[in-house]
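Student: Next up is a structure, given as structure tokens.
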Amino acid sequence: MNAPVTRRALLGAAALLPLAAPALAFPDQPVRVIVPWNAGGLADVVIRALGPAMAGPLGQPVVIENRPGANGAVGTQAVSQSRPDGHTLILGNAETHAINPLIYPRLPYDAVGDFTPVTIFARGPFVLITRPGLGVETLEAFLARARAQAGRMTYASWGIGSTSHLAMERLMKETRLELLHVPFTGAAPASTAVLGGQVDCMFLNAGPAEAIARDGRAKILGVGADERIPLLPNVPTLKELGTPVDAANWFGLLGPARMPQAGATRIAAVTAEALRNPQVQEVFRAQAALPVTMTPEETRSFISGDRERWGSVVRDLNIRLE
């Protein structure tokens, strides 16, 4: 008695299948990546190398747009308010998603709730550089000079609460130094002040630092990474020198909250594929950017841990910016 009913139910369900909406291919339009800093910096250079290598597998152009301001907050807020379809991403780093939430009480975005983690694709180690004429050739000599002139030696950074500022604070805490902070509005003016002899030292991205140290305009004392880096194979790490300070930034992609997980997973996979492109690898090598591959879930966990790592430094300094 029930068999005909069952067949009619199945036939009725089958008749409805053609009416179901087909799964849309992703992406179906250009993918826009917002870089929340000025053009020409490390983040901008590496994503502009990655973009073309990602475009082929994605089947859509990858458009890079610079939207700087407020230590990365302007561009980051814009992405948090964009359509959550996966076609607009932020190039995030430690400042935008780990440090800014700790130091800006009125940050115009929620670094956790407003975003979908996609991938981390690079780490950018810093090196400790000193001005020409300072007269120190090793980290040991630098530390001795700084202790002898407690509070009189200066260091530059690209802003209060920036990774360059907090990395130096980590070094000072580890080695019990007292240095005077001279913040600038970017890495370029900060490094120019060191090269010009107005400031004694700073943590700088390894790629630009290698270029200025090559002709003797600055001295590199150590690398803030776990291992020596390919661009500077003869420069020891701070860890090797007995000062285990992690001084680096990271670069990754995040979309707005409620971005489809399938889209995040696809972009993460395509980014990992693009990192194997020889032209991309050469740009990364020249910039001392270390390729990293992470899934969306690994990215979420990494950023959470990074926020905790920087949090101890920020709490010690009691930094609050409006």
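Student: With springs only between Cα atoms under 10 Å apart, run a GNM on the chain and tell me which of Phe203, Phe121, Phe184 wobbles the most.
Tutor: Ranking Phe203, Phe121, Phe184 by mean-square fluctuation puts Phe184 first.
Student: First compute the accessible area of the range 137-221 with a 1.4 Å probe, then give the percent of it belonging to carbon and sulfur atoms.
Tutor: That fraction is 51 percent.
Student: Same structure again: Ignoring ligands, DNA and RNA, what percent of the accessible area of the range 36-112 is carbon or sulfur (1.4 Å)?
Tutor: 53
Student: Using the alpha-carbon centroid of each, what span in Å lies between the range 49-113 and the range 168-212?
Tutor: Taking the Cα centre of each part, the range 49-113 and the range 168-212 sit 26 Å apart.
Student: Rounded to the nearest 500 deg cm²/dmol, what is the calculated helix-only ellipticity per residue at 222 nm for the chain, with -39500 (n - 2.57) per DSSP H run of length n ≥ 4?
Tutor: Values: 11 runs with 130 residues, N = 322.
Only helices count here, giving -12500 deg cm²/dmol.
Student: Quick one, which of [x] 45, 20, 17; [y] 48, 20, 17; [z] 34, 24, 17 is the actual semi-axes √(5λ) of the Cα gyration tensor in Å calculated for this model?
Tutor: Matching entry in [x] 45, 20, 17; [y] 48, 20, 17; [z] 34, 24, 17: [x].
Student: For the chain, modelled as a Gaussian network with Cα springs under 10 Å, which listed residue fluctuates most, Asn277, Asn234, Asn66?
Tutor: In the Gaussian network model the winner is Asn234.
Student: Quick check: the angle from helix 296-317's long axis to the longest principal axis of the chain, C-alpha only, nearest 10 degrees?
Tutor: Helix 296-317 and the main axis of the chain meet at about 30 degrees.
Student: Heavy-atom accessible area per residue, the range 234-277, 1.4 Å probe: how many Å²?
Tutor: Roughly 40 Å² per residue, with all protein chains present.
The values are calculated or read from the model by the stated rules, or taken from the named source; none is laboratory data. Just so you know, these numbers come straight off a predicted model, no measurement behind them. The area values use the complete protein model at the heavy-atom level, side chains included, leaving out ligands, DNA and RNA. Shrake-Rupley method; radii C 1.70, N 1.55, O 1.52, S 1.80 Å.
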